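Down below is the structure, laid out as structure tokens.
The values are calculated or read from the model by the stated rules, or taken from the named source; none is laboratory data. The model shown is predicted, which means the values in this text are computed figures rather than measured ones. All Cβ positions, even for glycine, are placed from backbone atoms using ideal geometry, and neighbour counts span all protein chains on display.
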Amino acid sequence: MSAVTGGEPLLALEHIRKSFPGAGKGDAAVKVLDGVTLQVGSGEFVAILGPSGSGKTTLFRLIGGLLQPDSGAIRLGGEDIAGQRGRIGYMPQQPSLLPWRNVLDNVLMAAEIAGISRKEAEPKAREWLVRAGLGGCESAYPHELSGGMQQRASFVRALLGPQQLLCLDEPFGALDAMTRLEMQLWLGSLWQESGRAVLLVTHSIDEALLLADRVYVLSAKPATVLEEVKVPWPHPRSEANMAEPQFVRLRQQLYDVLRKAKEVPQR
Amino acid sequence: MKTGTSWWKRGWPPTAAVLLLLLAWQIGVQLSGIEKFKLPSPADIGREAVASFPRIWMHTEATLHISLIGFACGVAVGIGLALAMHMIAAVKSGLYPLLIISQNIHPAALGPLLMIWFGFLSPTPKIIVIALYCFFPVTVALTDALARTDRGMADYMRMIGASKAQLFRKLELPHALPSLFSGLKIAATYSIMGAVVAEFLGGDKGLGYYIQFSRNQFQTTRVFVALFVIIILAFIMFGIVALLEKMLIGWNQGRGE
Ligand SMILES: Nc1ncnc2c1ncn2[C@@H]1O[C@H](COP(=O)(O)OP(=O)(O)OP(=O)(O)O)[C@@H](O)[C@H]1O
Ligand SMILES: [Mg+2]
């Protein structure tokens, strides 16, 4: 496995195993993660590709402390954080904005939970909302925003927390193709400005290649890391990168791995 | 004004329906020549209301007073029970059946017992009867809403480190507020009905007492006056809760339009 850029990784998952008890009495336990090992460096953008149901959300729930691994270690900055909550920023699969809070109050939530005073957080929130193209929407309610705008607010909320690592769970899965591409480029540029490390789960090979420094491919359940790929282009990237021969080659390579991943017999 | 026209738009069908009903009633009574002690006409009822206004007003005040106390007690108990059941699973599974049993205790059986315990003229039996019917919709609405908090949002909040208290204050409670207000609206309507039923059972004032007293004297028109006052009181109680709801959870308005 290749070394992480810049020495000591920010996040290190070591041989994580996790199974869930079977649905019925006497059913065998469902093995979901079977020894997953991966790292994310400081300020790095890492993507996880994997078939549906392979355990990607489970992996995030482990990192976020909602679940305990059966075995293996989860380290953040060298410290074991298994079972600890509030150590990572999070952008869930659904925007999960609170319908009774306006956009400004919503994006302040992560800072609020982290105990950052409103006086300190609000100017930053307003600034990032403008950068996210949500200037003027501060006092709108979530149901007044489009899906893409809600996802942008959800990302700004994650960004305003103090955490160095942001975990994004298929943030653009529900958007149409054009909006999706626009949002991907937007996310790439905001990530660069933010200086944070990002761990992104996605189904889309193009999304992974367009945004990430490195891509991990997970197998079907029980998941292991099948492949790790470095993506060579410097940031910021654009649609033009997607037409380069090497991009096409990488896309084909990942596609082949993913297809094989799906063939692993499901148990 | 936009709100003015929309109020009129929503308001005219029920207003017209009630006016039509009263008109049909008036014409029906006049054409059939039915005796006044069997069915008075709306005009008779109106005249009686004006004539006996001071007495009606005295009883109305008594009913309203006891309703508000009973409503407040019922709501306080209802919210308290819901919170206890939400926080402690064993309390929920233990109490829920008892709550349902409590709603099947008929006031005709309970009222006399309470009077024996607390005294015929004491307000306590009435307050207990009213609270018994007011707490239930509040408890059920709030408990169910608290249990049905969006899983994704709760997971998000816990993931970013929200404590149990923060989760409750920032997510579960605001999420349950619209439902709580539905329960409060039902309770507000019940509170007037509950007060009237309780006054039927004993005491010396209130609209329930007045209805019974007038009925015994074959003053049917006065019974009808009291019925109308009860309806108006129930509407007022409902309206106050609805107004509070609008002020407190305006975010819920206009969603899903
Ligand atoms: N709490 C749980 N109890 C039992 N089984 C679970 C639980 N959570 C997840 N699973 C199982 O773990 C597997 C992986 O689920 P997970 O949600 O992590 O997949 P995913 O990779 O995020 O899928 P998708 O790409 O569709 O979002 C699923 O087969 C699911 O049935
Ligand atoms: Mg998932």
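Condition check ((1) more than 23 Å from the chain's Cα centre (by Cα); (2) over 19 Å from B:Lys205 (Cβ atoms); (3) assigned to a helix (DSSP H, G or I)) across all residues:
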residue: B:Leu39; (1), (2), (3): yes, yes, no
residue: B:Gly46; (1), (2), (3): yes, yes, yes
residue: B:Ile66; (1), (2), (3): no, no, yes
residue: B:His86; (1), (2), (3): yes, yes, yes
residue: B:Gly94; (1), (2), (3): yes, yes, yes
residue: B:Cys134; (1), (2), (3): no, yes, yes
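For segment B:187-215, a residue qualifies if it is crowded, with 19+ Cβ neighbours inside 10 Å and among the hydrophobic types (A, V, I, L, M, F, W, C), and the qualifying residues are B:Ala187, B:Ala188, B:Ile192, B:Ala195, B:Val196, B:Val197, B:Ala198, B:Leu201, B:Leu207, B:Ile211. Restricting segment A:88-112 to residues that are surrounded by fewer than 21 Cβ atoms within 10 Å (Cβ to Cβ) and not in a loop (DSSP other than H, G, I, E, B), the residue that is farthest from the other protein chains (Cβ to nearest Cβ) is A:Leu104. Remark: A:Leu226 falls outside the filter, which requires a residue to be buried (at least 17 other Cβ atoms within 10 Å of the Cβ), more than 16 Å from ligand 1 (Cβ to nearest atom), touching a residue at least 12 places away in the same chain (Cβ under 8 Å) and in the same structural domain as A:Asp256 (by TED's automatic domain parsing). Every listed requirement among (1) closer than 28 Å to A:Arg259 by Cα; (2) part of a loop (DSSP other than H, G, I, E, B) is met by A:Gln39 save one, (2). Among all positions in segment A:179-191, there is at least one residue which is away from ligand 1 (no atom under 13 Å from the Cβ) and either farther than 24 Å from A:Gly148 by Cβ or over 17 Å from the mean Cα position of the chain (by Cα) (or both).
Out of all the residues in segment B:144-151, is one or more at the interface with another protein chain (Cβ under 10 Å from one of its Cβ atoms) and not basic (Lys, Arg)? For segment B:144-151, residues at the interface with another protein chain (Cβ under 10 Å from one of its Cβ atoms) and not basic (Lys, Arg): present. Cβ-Cβ contacts under 7 Å between residues 6 or more apart (or on different chains), taken from a first residue in segment B:89-117 that is more than 22 Å from B:Ser191 (Cα to Cα) to a second residue that is in a helix (DSSP H, G or I), are listed as B:Val91/B:Ala84; B:Val91/B:Met85; B:Lys92/B:Met85; B:Leu95/B:Leu81; B:Leu95/B:Met85. Inside segment A:130-154, residues that are part of a helix (DSSP H, G or I) and over 20 Å from the mean Cα position of the chain (by Cα) make up a count of 5.
Somewhere in segment A:140-153, is a residue within 16 Å of ligand 2 (Cβ to nearest atom), farther than 23 Å from B:Ala165 by Cβ and either touching a helix residue (DSSP H, G or I) at 6+ places or on another chain (Cβ under 9 Å) or within 14 Å of another protein chain (Cβ to nearest Cβ) (or both)? Scanning segment A:140-153 turns up at least one residue that is within 16 Å of ligand 2 (Cβ to nearest atom), farther than 23 Å from B:Ala165 by Cβ and either touching a helix residue (DSSP H, G or I) at 6+ places or on another chain (Cβ under 9 Å) or within 14 Å of another protein chain (Cβ to nearest Cβ) (or both). Against the list (1) surrounded by 15 or more Cβ atoms within 10 Å (Cβ to Cβ); (2) away from chain A (no Cβ under 14 Å); (3) at pLDDT below 95, the condition B:Gly78 fails is (3). One residue stands out in segment A:21-36 among those that are under 16 Å from A:Gly50 (Cα atoms) and not charged (D, E, K, R): the one that is farthest from ligand 2 (Cβ to nearest atom), namely A:Gly35. Would you call A:Val215 within 16 Å of ligand 1 (Cβ to nearest atom) and in contact (Cβ under 8 Å) with a residue 40 or more places away in the chain? So A:Val215 fits the description; yes.
Selection within segment B:216-254: residues that are surrounded by fewer than 13 Cβ atoms within 10 Å (Cβ to Cβ), outside any helix (DSSP H, G or I) and within 14 Å of chain A (Cβ to nearest Cβ). The member of this set that is modelled with the lowest pLDDT is B:Gly254. Which residues, counting only those in segment B:25-46, are in contact (Cβ under 8 Å) with a residue 40 or more places away in the chain and within 13 Å of B:Arg222 (Cβ to Cβ)? Selection gives B:Lys36, B:Phe37, B:Pro40, B:Asp44, B:Ile45. One residue stands out among those in segment A:51-85 that are on the phi > 0 side of the Ramachandran plot and free of Cβ contacts under 8 Å to residues at least 60 places away in the same chain: the one that is nearest to ligand 2 (Cβ to nearest atom), which is A:Gly65.
Within segment B:156-169, the residues that satisfy the criterion of being part of a helix (DSSP H, G or I), buried (at least 18 other Cβ atoms within 10 Å of the Cβ) and either within 11 Å of chain A (Cβ to nearest Cβ) or at pLDDT 95 or above (or both) are B:Tyr156, B:Met157, B:Arg158, B:Met159. Could you run through segment B:130-154 and say how many residues are surrounded by 19 or more Cβ atoms within 10 Å (Cβ to Cβ) and of a type in the set (Asp, Glu)? Number satisfying all stated conditions: 0. Select from segment A:41-71 the residues that are among the charged types (D, E, K, R) and under 21 Å from A:Leu211 (Cβ atoms) and write down the one among them that is farthest from the other protein chains (Cβ to nearest Cβ). Residue satisfying both the conditions and the ranking: A:Glu44.
Filtered by the rule that a residue be out of contact with any Leu (no Cβ under 9 Å at 6 or more places or on another chain) and not acidic (Asp, Glu), segment A:164-192 gives A:Gly173, A:Ala174, A:Leu175, A:Ala177, A:Met178, A:Thr179, A:Arg180, A:Trp186, A:Ser189, A:Gln192. When the strands (runs of 3 or more DSSP E) confined to segment A:156-238 are screened for residues that are within 14 Å of another protein chain (Cβ to nearest Cβ) and away from ligand 2 (no atom under 16 Å from the Cβ), those reaching at least 1 such residues are found at A:165-169. Of everything listed in (1) within 14 Å of chain B (Cβ to nearest Cβ); (2) assigned to a loop (DSSP other than H, G, I, E, B); (3) within 15 Å of ligand 1 (Cβ to nearest atom), the single unmet condition for A:Gly83 is (3).
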